[in-house]
1. Can you tell me which residue is surrounded by the fewest Cβ atoms within 10 Å (Cβ to Cβ) among those in region 50-68 that are free of Cβ contacts under 8 Å to residues at least 40 places away in the same chain and touching a helix residue (DSSP H, G or I) at 6+ places or on another chain (Cβ under 7 Å)?
2. Hey, any hits in region 69-81 for a residue that's surrounded by fewer than 11 Cβ atoms within 10 Å (Cβ to Cβ) and within 23 Å of Arg40 (Cβ to Cβ)?
3. Would you confirm whether any residue within region 100-111 is loosely packed, with under 12 Cβ neighbours inside 10 Å and not hydrophobic (A, V, I, L, M, F, W, C)?
4. Within region 76-109, restricting attention to residues that are of a type in the set (A, V, I, L, M, F, W, C) and in contact with a Ser or Thr (Cβ under 8 Å, 6 or more places away or on another chain), which residue is nearest to Pro128 (Cα to Cα)?
Amino acid sequence: MVSEEHSPYKSKGGLGRLANALRYSVQGLGAAIRHEAAFRQELLLAIVLTPLAFWVGRTPGQVLLLIGTLFFVLIVEVLNSALEALADTITLEHHPMIGRAKDLGSAAVMLSILFAIVAWLTVALMRP
């Protein structure tokens with residue numbers, strides 16, 4: 001087992017670490033937009049629904065919940081895409097465990113979308 005203090009990939013900390021973390025995050029979002037059709041579709045839906053959240057939600061908490069569910073879907077999609085990219089790097093051949101990992105990632109995306117739908121319907125149906 002490799003100790004963290006000996007890993008050449010671990011940063012040393014400080015402002016340089018923060019700058020690198022921000023750069024890597026922006027690169028990751030760019031990769032998601034460029035290479036992941038599902039992320040682009042969900043991002044477009046989030047852009048359209050975010051202003052609607054201010055109309056559907058009656059309280060700041062409801063608005064935050066509605067927008068939060070949209071971000072949650074995007075976050076889960078990015079994690080699923082990362083898992084799929086890693087799996088495809090290992091092998092493109094069918095492997096039952098890699099197939100299971102991809103299916104589990106897909107299930108996580110589906111559950112996050114279902115949660116968003118239920119939250120939106122619940123808040124919308126609570127409107128007088």
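What follows draws every value from the coordinates through simple rules; no lab data is involved. Bear in mind that the values here come from a model prediction, so they are computed numbers and not experimental data. For neighbour counting, all protein chains shown are included, and Cβ atoms are generated from backbone atoms with ideal geometry for every residue, glycine included.
1. Of everything passing the filter in region 50-68, Phe54 is surrounded by the fewest Cβ atoms within 10 Å (Cβ to Cβ).
2. The answer is no, given that none of the residues of region 69-81 is surrounded by fewer than 11 Cβ atoms within 10 Å (Cβ to Cβ) and within 23 Å of Arg40 (Cβ to Cβ).
3. There is at least one residue in region 100-111 that is loosely packed, with under 12 Cβ neighbours inside 10 Å and not hydrophobic (A, V, I, L, M, F, W, C).
4. Val76
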